Structure formats: structure tokens, C-alpha cells
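The next block holds one structure in the form of C-alpha cells; read it before the comments.
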Number of protein chains: 2
Amino acid sequence: MPATLVVQKFGGSSVADADRIKRVARRIARERAAGNDLVVVVSAMGDTTDELLGLAAAITDEPDPRELDVLLATGEHQSATLVSMALHAMGVPAISLTGPQAGITTDGTYGRARIAGVEPRRIQAELQGGKVVIVAGFQGQSAAQAHEMELTTLGRGGSDTTAVALAAALGADACEIYTDVDGVHTADPRVVPNARKLHAVSYEEMLELAASGAKVLQVRSVEVARNHDVKLHVRSTFSPEDGTWVREEDDRMLEKALISGVTHTREETLYRVTGTTASQLFSALADAGVNVDTIVQTGPEIVFSAPTDDRDAAVDVLDALAVEWSSRDDLGKVSLVGAGMKSHPGVAAKTFATLEAAGIEAPIVSTSPIKIACHVPSSDVDRAVQALHEAFELA
Amino acid sequence: MPATLVVQKFGGSSVADADRIKRVARRIARERAAGNDLVVVVSAMGDTTDELLGLAAAITDEPDPRELDVLLATGEHQSATLVSMALHAMGVPAISLTGPQAGITTDGTYGRARIAGVEPRRIQAELQGGKVVIVAGFQGQSAAQAHEMELTTLGRGGSDTTAVALAAALGADACEIYTDVDGVHTADPRVVPNARKLHAVSYEEMLELAASGAKVLQVRSVEVARNHDVKLHVRSTFSPEDGTWVREEDDRMLEKALISGVTHTREETLYRVTGTTASQLFSALADAGVNVDTIVQTGPEIVFSAPTDDRDAAVDVLDALAVEWSSRDDLGKVSLVGAGMKSHPGVAAKTFATLEAAGIEAPIVSTSPIKIACHVPSSDVDRAVQALHEAFELA
């Protein structure tokens, strides 16, 4: 029987200091002792990425994107070597690889590159040699200029995508995402104290949950997992308990969960635009790197939302297009996500009734087959999450 | 007329923080505006290397050498990107390259690799494109395993060697070593306040000065400069003044300078060994990485010195060889260096007379054609330097 191959990913808080790194190494060593082949993807230690961004900001307001990528990638190089050293010190054969060494190629877009391919020859050779392979997350080599060895980073949360892409390329049996929470919940436990940990969710649900505010997984990593059928297991670094499985939808999930969870974001800017076409507007916004979230159009007016962080970039685009527009910054968004929604009419009606009973205005509503999203005033976000969590009996 | 090509190297204290990096960038920009092609080698910022060593030490007492090299190399990656960003912000086209990207290959010895070759194709292409090329010092790619992209570091002070090797490979007109002192002095100004800055020294003198305690240049970088006839200019980052030139010996040097300088070290351990052969002893010490300094043998007893930092390693070797040995730790070393010594007998006599008059014991003496080195009690090192500096009228 071939050995089980598991890809594990440890986030920045799991490797924030020497003690935590040693703890992670002990966890890896136990798993290795159980006979599993292991590829381990690590993020930068704790706040390293923010510190490096601060260093760049002290030099210039607009750091060159190529240089910034090389700078930021050092954070993951460091944590990968330290985890490997800790394993060596415990007598566990290990080797750290940078993203390029691990065979990860990208489309070459600095700062938010997408993985274009994985050539896992080196990883497989090291596994064959009996080593635990530690891979620096969040990075890869530009495929277009492979001979120049240009390093690119995948953007915030990119290490999740590194792990899933490696799991897909290696045909791993599972991809474990270790984090400082114990799984995916029915709502943010800081807002809803009796929120429940979910045992399993489908890829589609996880996509909607991640896209609408659940911070536990990067959206793109879930897309890659779905496309390559990689079983994800989101779990706590600091506990042996099972977390949340993300996998193909099955009947059991559908029966049990009408609604998987309620997610929220606190700061979205809502724009109302007239005098342009949707294609012109959204291609200009995409070029400017604005992460458009919701789009609603019912007539000549186009309504869309984007993170408030992207406001300056969005305003530049709107001014350049010479359109009429207005915006408001006082909204957040509450989303109900559940694969069971498809076969259960009446979820929308119950959602609106719940918000109305709580006296909460919802000026914008958008839906997908497994999601209902309502923009509500930022100051009402917590109450809305709590009311919906209770109304749909998620506790 | 082809443009002048200059390789500049800035040490850790020159790029210790954002303000200093911007200052270095302004200096580079001025040089570029003057029409010179520039390749700039940088060390890690300030104490970064020590901080990274501390991080590794917090994980394990004996970090894996390969992982440690990848960890340490991130320090130079960071400073190189920041200098490049600062130039971009000033409108000066620039690009940072890692050691491997710059085409530097090594013999693959982790922690103290030697440069095996330089393939400057990428650097030349970037210069051709009008860019200032910033190269991360202290590192290269193992030639033996080039396909695996294994990173190796050159050991302490290795960035000097990076700069000189690049100057040699590119046929640069000069290699400028920027540091926090204004050149090479006749003695350490902290010990001899009226020590004088030297205008020029020969490669051989600089080798002896560097090997015997002058910290301004790494010995290996001087060897490479001599072998490839690279003109070195050691000068201050913080002043426009000329520093010290290191170049081929010429008549003018010989006439003017009988003695170029007095150097010193404070902590050497002296060993007396019997019961082995010199070849057996020193090959065992070399294998253990002990940096043997002076060797003196006049009979069956072998006397040698090495930095006190290497004491544990040396003792392990001596115990393993089962020889009879003793050691003393209370000595430092004072060295007189000067190309003019060759043609002026009597320097040795005057040296011994000066030390005797000052009442300073010199239990071990060793010489080369351009150097006289005396081991003296550590507590007498400063007085010996001052007495010799005055006796030879170096002020």
C-alpha cells in the first residue's frame, strides 16, 4: 500500500515565534512518525509581511511591484528554513524549498500572481529520499520569464493556494489548513458566541462563505480545490480535534444543512453609476485592481460594491470615465450561505422578515443559488448576524 | 568612448535603516547622473544577520547549514530590494538581483562558500537597458547543483568578495567599497588618535593588514582583487572625500612608505603541541574549521595561534589526536605591515627594541617579507600599537 501523502499548511500565527515553530515541528514529526509522507507549506512568521510592507513604505509611497515581491517573499523563506531546522534538530530529515525551487510557476503578475502550473519533480525526489518537504508559501516563479528566475507573490492568503495547488499536482490524499481557529463556523464566534463549528461544507458553500467574509480560507484556494477535487481540512494548530472538511457536496450535507452559516463584512463602499456600460465600467475597474464584490443592475443605473480599501482606486476610475456617480461608505454586508437553499424555497422571505422585525434597513440585496447577501448599515451588522443566526437555528 | 563602469559595495551600517538607504540611493543617483554605469552590491541592513542567527539559535543549537544559508541570504535580498525601490522613487531605473540571478556560482560549501565563477549575462543585459543593477551580496548558487538552485553564503564579510568578483568579471574600471570609516589607517584610530589615513596601499600590504586585524576589508576580497587586478577604493559612505586606494605596488608607494600601518587583534589563543606532525595537525584543524593564524615551529614542538572564538573546535581536534598540548588565552597580536620593509633591513630590530623599551613581553614572533607580527599580552596590545606607531613615525 503506498504511503498516504498529506499537504499541510501553517499560517503566520502558527509560526509566529520560535516556540510556536518548535510546536509545529513536533506536530509534523508526530504525523511523519505515523507513516505519512508530508509536504508542509508555511506563511511568514506573525506580522513579518506587515513589517516588510512598513519597511518599503518608509522608503517610498509607491514601491516598485517587482522589488516589493522579492522583499515580501523573504518572509516565507525565513519561516520555511526555521521549520526545517526545528525538524532537523528533532532528528526528522527535512528540506525547505522556495516557491521557485518547489516548481511553482505563475502568470507573472507582481503582487497578485495566479499559479500557472506546478512541476513537482524536486518535491517528489525529496519525498522519495525520505524527507519532509517544507515549501515557502505565497510565491512562485514567473513562467513567462523562467530563465530569468523572476519571483512573484500570490497576494494575501496566497499560501492557502500554494498548499492546494501542491496537493492537486502531487495527488495528495488531503490538504490540511492549520490555523488559529478550530474550523469554519456558522457565524463569527466573536459576534455570535454560540456559533457552531461545521463538520463539513461543500466547495460551493465554502466559496460563498470565503467570498462573503469568512477569513479562514482564501477564495482562490477553494476554487483550485474544487477544480482539482482536493479534500480540504481546516483545523486548529493547537488542538488534535477534527476541524471542518471542505469537499464534494453529498446527500448527507444537503439533508442536514439548510443554511451553513452567516458571514459578514463591515466596510464596503456602495457606488451608483450612470452614463456608461457595464462592460466598460467593470473592465476599467479590473484594470485598476478594484476588487468588485456585488453588482446589481435593474435599469440604466449600475450599482456595485467594493472594499472601502479600494475606494481611491475606484474613484480614479469613475472620474476618468467621466460618468455620473455617487457613493456611500456606511454599509456592511450580511450573507446567508447554504447548499440546502437550492431545494428549500422561502429562505429569502424569512431573511427579509427577520431583518424587518429587527428594524434593519437592507437597501441592496443580491443572491446566488446558495447565497442571499444583504447590504445593511455598518452599525447594524452585528445585530443582523445575530438575528439571522437565531432565526435559522444555527446554534 | 565607452561609459565608465564602477562596482560599488555598501556595508550593513550604510543601509542600516530607511534614512540611510535613501542617502545611499541619492549617492548612487549622483554617480549615475555623472554618466557612470553602476553595479551596486549591498550587505544586509545593520544587525539583520545577527538577528537571523539569533532566530536560528532560538530554534536549535546546531542549525542545518543549508537551511541557515537560505535564512541568512534573505537579509541581503531585503536590502537589495529596498535600495532599488529608493532609486525607483527618485526616477532612476534600477533592478535588484539575488546572487544566483546575478550569475554568481560557488563551490557549494554552506556557510563559507568560495565563488567559483561569475556569468554576468543578466547584469550586462540590465546595464545595457540603462538600469542601475543592485546585487544581493554574500551569496551565490552552488555550481555543482545549479539545476537545483541551491543557495550558499560566502561567510562574514562576503559582500566585499561579491563586489570584487563582479568587478573582475565585468572588467569594471574600479570597485568602491563604502564603509563607515573613511579609509585604511596607519593604526586603529580608537587606539592611536593621531593615526593617519593612507592614500594608497599595495594588494600585498592590504592582504597583510586585513589578515592581521584591519577589519575594513575581507581578506578573500583582496586576494581576488590582486589576482584579477581590480582597483579597490575603500571610502566613507558619509563623505565625498577620497579614501584609500588598493592597487598594484608602484615605485611611489615604495619610496614613501617604509611601514604602512600597525594592526592588532586582542584575542588569540596560543597552543603548544607535541606528538604529531604539522601536516596531520593542520589538516585536522582545517577540517574542523579552525582559522589558524600564526604557525611557528623550531623543533619537535609546534606552536600556533587561532582566534579565541575557535577554541572549542581546536580543543576537540587536539583531544581527538591524543597529542600533548597546552594553551594560553592571555595574548593578543601586534603586526607591522609595509611593502618598504623588503628593502629596508633593521625594521625587526627596531620593533623588538621598541617593545623592550616599553617593557612589553613578546613570546612569539613571526614574519613575512612585508610583515612582522608579535604576540604580546592582551593587556599590553594598546601600548604596543601606540609605541610602534610613534617609533616608526606613522602619524
* To do: Could you check A:Gly117 against (1) away from chain B (no Cβ under 11 Å); (2) touching a strand residue (DSSP E or B) at 6+ places or on another chain (Cβ under 6 Å); (3) surrounded by 22 or more Cβ atoms within 10 Å (Cβ to Cβ) and say which number it fails?
  => (3)
* **Output for the stretch A:31-53, where each listed residue is farther than 23 Å from A:Gln124 by Cβ and touching a residue at least 12 places away in the same chain (Cβ under 8 Å)** => A:Ser43, A:Ala44, A:Met45, A:Gly46, A:Asp47, A:Thr48, A:Thr49, A:Leu52, A:Leu53
* Residue in the stretch B:385-392 that is in contact with a Pro (Cβ under 7 Å, 6 or more places away or on another chain) and under 21 Å from B:Val296 (Cβ atoms) present -> no
* Tell me, which residue of the stretch B:76-93 that is buried (at least 24 other Cβ atoms within 10 Å of the Cβ) and in contact (Cβ under 8 Å) with a residue 60 or more places away in the chain is farthest from A:Arg66 (Cα to Cα)? -> B:Glu76
* To do: Run down B:Gly103, B:Gly140 and say which single residue is within 30 Å of A:Arg121 (Cβ to Cβ) and either over 23 Å from the mean Cα position of the chain (by Cα) or within 13 Å of chain A (Cβ to nearest Cβ) (or both).
  => B:Gly103
* **Options B:Ala172, B:Ala187; residue that is out of contact with any Ser or Thr (no Cβ under 6 Å at 6 or more places or on another chain), outside the structural domain of B:Ser96 (by TED's automatic domain parsing) and small (Gly, Ala, Ser)** => B:Ala187
* Asked: Which of the following residues is surrounded by 12 or more Cβ atoms within 10 Å (Cβ to Cβ), outside any helix (DSSP H, G or I) and modelled with pLDDT of 90 or more: B:Arg272, B:Arg311?
  -> B:Arg272
* To do: Would you check which residues across the stretch A:78-96 are within 21 Å of B:Thr81 (Cβ to Cβ) and more than 7 Å from chain B (Cβ to nearest Cβ) and list them?
  => A:Ser79, A:Ala80
* To do: List the number of the failed condition for B:Pro120; all other conditions in (1) in contact with a Ser or Thr (Cβ under 8 Å, 6 or more places away or on another chain); (2) without any contact (Cβ under 8 Å) to a residue 60 or more places away in the chain; (3) not charged (D, E, K, R) hold.
  => (1)
* Residue by residue through the stretch B:239-248, note down the ones that are farther than 14 Å from B:Gln8 by Cβ and surrounded by 17 or more Cβ atoms within 10 Å (Cβ to Cβ). => B:Thr244, B:Trp245, B:Val246, B:Arg247
* Could you please find all residues in the stretch A:201-213 being in contact with a strand residue (DSSP E or B) (Cβ under 8 Å, 6 or more places away or on another chain) and either assigned to a helix (DSSP H, G or I) or at pLDDT below 85 (or both)? => A:Tyr203, A:Glu205, A:Met206, A:Glu208, A:Leu209, A:Ser212, A:Gly213
* Between residues in the stretch B:165-190 that are in a helix (DSSP H, G or I) and residues that are of a type outside the set (A, V, I, L, M), which pairs lie under 6 Å by C-beta distance while being six or more apart or on different chains? -> B:Ala167/B:Cys175; B:Ala168/B:His228; B:Ala169/B:Pro120; B:Leu170/B:Pro120
* Going by the structure shown, is B:Ser279 over 15 Å from B:Asp309 (Cα atoms), touching a strand residue (DSSP E or B) at 6+ places or on another chain (Cβ under 8 Å) and modelled with pLDDT under 90? -> no
* Structure fact -> Counting only residues in the stretch A:38-77 that are in contact with a Ser or Thr (Cβ under 6 Å, 6 or more places away or on another chain) and more than 11 Å from every other protein chain (Cβ to nearest Cβ), the one farthest from A:Ala3 (Cα to Cα) is identified as A:Ser43
* Condition test on A:Val181, is it touching a strand residue (DSSP E or B) at 6+ places or on another chain (Cβ under 7 Å), more than 13 Å from every other protein chain (Cβ to nearest Cβ), over 15 Å from A:Thr74 (Cα atoms) and crowded, with 17+ Cβ neighbours inside 10 Å? -> yes
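Confirm whether B:Glu223 is within 22 Å of B:Ala306 (Cα to Cα) and touching a Phe, Trp or Tyr at 6+ places or on another chain (Cβ under 9 Å).
It is true that B:Glu223 is within 22 Å of B:Ala306 (Cα to Cα) and touching a Phe, Trp or Tyr at 6+ places or on another chain (Cβ under 9 Å).
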* Asked: With (1) part of a helix (DSSP H, G or I); (2) buried (at least 21 other Cβ atoms within 10 Å of the Cβ) as the list, and A:Gln280 as the residue in question, which single condition is left unmet?
  -> (2)
* Structure fact -> Restricting attention to the stretch A:161-171, the residues that are more than 14 Å from the chain's Cα centre (by Cα) and either buried (at least 24 other Cβ atoms within 10 Å of the Cβ) or modelled with pLDDT under 95 (or both) number exactly 2
* Check whether at least one residue in the stretch A:342-351 is among the small types (Gly, Ala, Ser), over 15 Å from A:Ile295 (Cα atoms) and in contact (Cβ under 8 Å) with a residue 24 or more places away in the chain, and report yes or no. => yes
* Structure fact -> Taking the stretch B:355-377 and keeping only residues that are touching a Lys or Arg at 6+ places or on another chain (Cβ under 8 Å), within 18 Å of B:Asp293 (Cβ to Cβ) and surrounded by fewer than 18 Cβ atoms within 10 Å (Cβ to Cβ), one is left with B:Pro369
* From the residues in the stretch A:143-159 that are surrounded by fewer than 19 Cβ atoms within 10 Å (Cβ to Cβ) and more than 18 Å from the chain's Cα centre (by Cα), which one is modelled with the lowest pLDDT? -> A:Ala146
* So is B:Val216 assigned to a loop (DSSP other than H, G, I, E, B) and either of a type outside the set (Asp, Glu) or at positive phi (or both) or not? -> yes
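Residue-wise test of (1) at positive phi; (2) not basic (Lys, Arg).
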residue: A:Arg26; (1), (2): no, no
residue: A:Ala29; (1), (2): no, yes
residue: A:Ala33; (1), (2): no, yes
residue: A:Leu38; (1), (2): no, yes
residue: A:Gly46; (1), (2): yes, yes
residue: A:Asp50; (1), (2): no, yes
residue: A:Leu53; (1), (2): no, yes
residue: A:Pro65; (1), (2): no, yes
* To do: Just need a number here: residues in the stretch B:16-52 that are under 22 Å from the mean Cα position of the chain (by Cα), part of a helix (DSSP H, G or I) and crowded, with 16+ Cβ neighbours inside 10 Å.
  => 4
* Asked: Of the residues A:Ile21, A:Ile28, which single one is in contact (Cβ under 8 Å) with a residue 60 or more places away in the chain and more than 22 Å from B:Gly75 (Cα to Cα)?
  -> A:Ile28
* To do: Kindly provide the set of residues from the stretch B:292-313 that are of a type in the set (Val, Ile, Thr) and farther than 22 Å from B:Ser368 by Cβ, ordered by number.
  => B:Thr308
* When you go through (1) in a strand (DSSP E or B); (2) closer than 26 Å to B:Asp47 by Cβ one by one for B:Ala116, which number turns out not to apply? -> (2)
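Okay, residues lined up against (1) within 23 Å of the chain's Cα centre (by Cα); (2) over 24 Å from A:Gln141 (Cα atoms); (3) in a strand (DSSP E or B):
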{"site": "A:Ser13", "(1), (2), (3)": "yes, yes, no"}
{"site": "A:Leu55", "(1), (2), (3)": "no, no, no"}
{"site": "A:Ala80", "(1), (2), (3)": "yes, no, no"}
{"site": "A:Ile95", "(1), (2), (3)": "no, no, yes"}
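The values are calculated or read from the model by the stated rules, or taken from the named source; none is laboratory data. Being a predicted model, the structure only gives us computed values, none of them experimental. Note that we place each Cβ from the backbone using ideal geometry, even for glycine, and neighbour counts take in every protein chain shown.
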